[in-house]
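Every read-out reported here was derived from the displayed coordinates using simple, explicitly stated rules and does not represent laboratory data. Note that this is a predicted model, so its numbers are computed, not measured. Please note: Cβ atoms are built from the backbone with ideal geometry, for glycine as well, and neighbour counts cover all protein chains shown.
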Amino acid sequence: MIVAAVPVKDLINAKQRLVPALGATERAALAAAMLDDVLTALAAARLDRVWVVTREPAVDAVARARGAEPLAEDANRGHTAAVARAQAEAIRLGARVFLTIPGDVPCVTAEEIRRLAEAAAPGRPAFVPSRSGLGTNGVALAPPGAMPLTFGEPSFEKHLATARARGLEPRVLALPGLGLDVDAPNDLVALLAAPGATASARLVASWRAGGRVRSAGVPQAS
C-alpha cells in the first residue's frame, strides 16, 4: 500500500509571506486553489490512500471533493507534527511506502508523484528539494518509519544528513512542478510562467488582470 499525506493549516491565516502582493481574501482563495491542484494530481497518480492532515472544516471539504481522506489533528502544531501524525498512521496500517508533499505546490503532476513513489525502497528514501534548494517539497519512505522528518528551511540538507546518519542512501529527485512551492511574491511570477493549466495560475492571472495583485515584484497585466 502506498499512502500520501498533505499537511494543511487553516486557510484564513495562510500564506503570510504573500501579504505584500495579496489581501487576506485572495490568500485564502489561493491556498484553497493550490490544495485543489495538488489533490487533483494525487488523484490522477492513483495511489492507495491520500490523506489531508488538518483541523480546518473548509480544508476537509476540499479534500473530500477530490476523493482524499481528512486525517484530523486536535491542534495546529505545524508541518512537522502533521507529517508525523500521518507517518504514525501509515506505520499502524502497515503501508509499504509513505509519501508527503505540501499543499502549496500547484504545478505538481501525477507523473512526478509516481516517480517519487517509485524512487523509494528499503534503505533508500527519496527527497525532492524546493526551488530554492533549502526546503523539502517531497519525501518518500519505504517503510514509512525509516526515519523521522523535520520541516522548515534548511530542511533539505538536514533530511539528507539524517538519512545518512541512519545508514540510509538518500536519493534526490529534481522535479520542477513539485519543486515550485508558492510562498512569496516572486513565486507568483514563477507560477504564472510555469507550463500547464492550473486552477491556481488561472486565479492569480485573473486577479492580476483585475488589478487585485499589488505589485511587489509581480508584473501587472498589459
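For the chain, what are the DSSP H helices with axial Cα length of 24 Å or more and mean Kyte-Doolittle hydropathy of at least -1.0?
24-45
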Under the rule rounded for a/c under 1.5, else prolate if a/b exceeds b/c, else oblate, using alpha carbon gyration tensor axes a ≥ b ≥ c, region 42-109 is classed as rounded
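When you count, for each residue, the other Cβ atoms within 10 Å and take the mean per peptide, how do 10-22, 173-185, 32-44 rank with the highest first? Present the calculation step by step, with values, prior to reporting the outcome.
Numbers: 10-22: 17.1, 173-185: 19.8, 32-44: 22.3.
Final packing ranking: 32-44, 173-185, 10-22.
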Could you tell me whether region 134-222 comes out rounded, prolate or oblate from its Cα gyration tensor? Rule is a ≥ b ≥ c as square roots of the eigenvalues, rounded for a/c under 1.5, then prolate if a/b exceeds b/c, otherwise oblate. prolate
From the coordinates shown, volume of the Cα convex hull per residue in Å³ corresponds to which of [x] 134; [y] 105; [z] 154: [y]
What order, most packed first, do the peptides 161-170, 62-71, 100-109 have when packing is the mean number of other Cβ atoms within 10 Å of each residue? 100-109, 62-71, 161-170
Taking the chain and counting helices only, DSSP H stretches of n ≥ 4 at -39,500 (n - 2.57) each over all residues, the nearest-500 ellipticity at 222 nm comes to -12500 deg cm²/dmol
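Just to be sure I understand: of the beta bridges DSSP finds with both ends in the chain, what percent are antiparallel, rounded to 5? All intermediate terms of the calculation are to be shown ahead of the outcome.
Working: 8 of 23 bridges.
Around 35 percent of the beta bridges assigned by DSSP in the chain are antiparallel ones.
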